[in-house]
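Right, one structure below, let's go through it.
The values are calculated or read from the model by the stated rules, or taken from the named source; none is laboratory data. Here the structure is a predicted model, which is why all the values come from computation and not from measurement. Please note: Cβ atoms are built from the backbone with ideal geometry, for glycine as well, and neighbour counts cover all protein chains shown. Side chains included, ligands, DNA and RNA excluded: accessible areas come from the protein's heavy atoms. Shrake-Rupley method; radii C 1.70, N 1.55, O 1.52, S 1.80 Å.
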Amino acid sequence: MGMANSVFAACGTTIFETMSRLAQAHGAVNLGQGFPEGLEPPALIERLAAAAAEGPHQYPSMMGLPELRAAIAAHEAAHWGRANGAEAVPEAVMVTSGATEALAACLFALIEPGDEVVLFEPLYDSYLPIIRRAGGVPRLVRLEPPHWSLPRQALAAAFGPRTRVVVLNSPGNPCGKVWEEDELSFLAGLMEAHDAVAVCDEVYEHLVYGDRRHLGLAGLPGMAARCAKIGSAGKVFSLTGWKVGWVVAEPALLTPIAKAHQYLTFTTAPALQRAVAWGLEHQRDYYQGLAGVLQARRDRLSAGLARLGFGVLETAGSYFLSADIRPLSGGGDDRAFCTRLIEEAGVAAIPVSAFYDSAPPTHLVRFCFAKTDAMIDEALARLGRVFG
């Protein structure tokens, strides 16, 4: 008796869970799963404790606490602005139980069965199952390593009469790509020509390195009405377990997204919302300085991996860097190499092939550098005993 939905029944256990379990079994340093270590802001955690003690503890509005919606709108306007000088307002904000719930609400709300959805590989693993469960048809455009440049001809060919939605992740996971203004403008032109909308996954918006800067698609002329932007307090404050996210969109997009949200999680813990609202206003120095801290950790890990013979690719944003394993793998693929790293070196990474739908490259692995210096150094020392 077939009782499972075919889309989710076809999904295996996520590669993050698989590698984390294996890492735990072998006592490995976990540079695989993308959660930060040693970066949690103590003042914000204290604020959560106070909010939990004070209450209230009942259902808040499904749209989010007014104070948090106002804080998100102010944060959005202060850092990124909106198209044509218009600023985000609280009414354009909806609070969600994490960015993944925000993604689900957006995609379920905006896709009709048979609609085509343009996405970019490598891509975060939750996108495709949600799109397929919503009845959408993925149209994948592949960004090629090592520079992850945009293949414009392939992108234009991916658009057609059934195109409804584009999913844009910048800064990107796993490849760390930060989209340039001319790339966004090219995409915007295609969206206007085909009357498409975008779900913009911008959870790493504050984590851009060097001379690069984050640009949101909604900030381009004419794009604000076509974009639902997703943000994450977990990434802003290095508190991924809090699962507080948000969607910023104009009413025509936000209204159907809110209707999907009300039947997913409906609302989010009020104490968490109050703490995040306080943090967005009072912890600006923390999240504005976080990129500098993580850039130093990126460079620490990059230099160490390069010394050991890995081919380290440039990463402009996010928590992650990719490394070419061909100089060290002996011809094996990335999954086998990651298993070997855990079993022989006691270090966990993620095979980048897991971020593709089919026919992936098999020579890249992803490391998370949002870890302590001591953890990075220990991982490099362990790798050095195998590859040094």
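A154 fulfils the conditions (1) outside any loop (DSSP other than H, G, I, E, B); (2) within 20 Å of the chain's Cα centre (by Cα) except for a single criterion, (2). Taking the criterion of being under 12 Å from L364 (Cβ atoms) and out of contact with any Gly (no Cβ under 6 Å at 6 or more places or on another chain), the residues of region 324-342 that qualify are I325, R326, S329, D333, D334, R335, F337, C338. For E144, are the conditions met, namely being among the charged types (D, E, K, R) and either open to solvent by less than 10 Å² (accessible area, probe 1.4 Å) or in contact (Cβ under 8 Å) with a residue 12 or more places away in the chain (or both)? So E144 fails the test.
Surrounded by 14 or more Cβ atoms within 10 Å (Cβ to Cβ) and among the hydrophobic types (A, V, I, L, M, F, W, C): is that true of F8 in this structure? So F8 fails the test. Screening region 6-123 for helices (runs of 4 or more DSSP H) wholly inside it with 1 or more residues that are in contact with a Lys or Arg (Cβ under 9 Å, 6 or more places away or on another chain) and modelled with pLDDT of 95 or more returns the ranges 42-54, 66-79, 99-110.
Residues in region 361-388 that are part of a helix (DSSP H, G or I) and closer than 21 Å to E17 by Cβ: M375, A379. For region 149-163, the criterion of being open to solvent by less than 20 Å² (accessible area, probe 1.4 Å), touching a residue at least 40 places away in the same chain (Cβ under 8 Å), of a type outside the set (S, T, Y) and in contact with a Leu (Cβ under 6 Å, 6 or more places away or on another chain) is met by at least one residue. On the given criteria, is Y319 in contact with a Pro (Cβ under 8 Å, 6 or more places away or on another chain), of a type in the set (S, T, Y) and within 28 Å of F237 (Cβ to Cβ)? In short, yes.
Contact annotation: residue pairs with Cβ atoms under 8 Å, 6 or more positions apart or on different chains, pairing a residue in region 91-110 that is open to solvent by less than 10 Å² (accessible area, probe 1.4 Å) with a partner that is assigned to a helix (DSSP H, G or I) and of a type in the set (D, E, K, R), are V93/R69; V93/E76; M94/R69; V95/R69.
The set of residues in region 129-141 being open to solvent by 10 Å² or more (accessible area, probe 1.4 Å), assigned to a helix (DSSP H, G or I) and either of a type outside the set (K, R) or out of contact with any helix residue (DSSP H, G or I) (no Cβ under 7 Å at 6 or more places or on another chain) (or both) consists of P129, I130. Kindly indicate the residue of region 254-273 that is touching a Leu at 6+ places or on another chain (Cβ under 8 Å) and aliphatic (A, V, I, L, M) and also nearest to L103 (Cα to Cα) among those meeting that condition. Among residues in region 254-273 that are touching a Leu at 6+ places or on another chain (Cβ under 8 Å) and aliphatic (A, V, I, L, M), the one nearest to L103 (Cα to Cα) is I257. Note on region 111-128: among residues that are touching a Pro at 6+ places or on another chain (Cβ under 9 Å) and over 26 Å from E17 (Cβ atoms), the one that is least open to solvent (accessible area, probe 1.4 Å) is V118.
Selection within region 181-224: residues that are touching a residue at least 40 places away in the same chain (Cβ under 8 Å) and in a helix (DSSP H, G or I). The member of this set that is most open to solvent (accessible area, probe 1.4 Å) is G219.
Among the residues of region 35-67 satisfying the criterion of being closer than 23 Å to T96 by Cβ and under 21 Å from the mean Cα position of the chain (by Cα), which is surrounded by the most Cβ atoms within 10 Å (Cβ to Cβ)? Selected residue: P36. With the structure loaded, tell me whether V178 is open to solvent by less than 10 Å² (accessible area, probe 1.4 Å), at pLDDT 95 or above, of a type in the set (V, I, T) and assigned to a loop (DSSP other than H, G, I, E, B) or whether it fails that test. Criteria met by V178.
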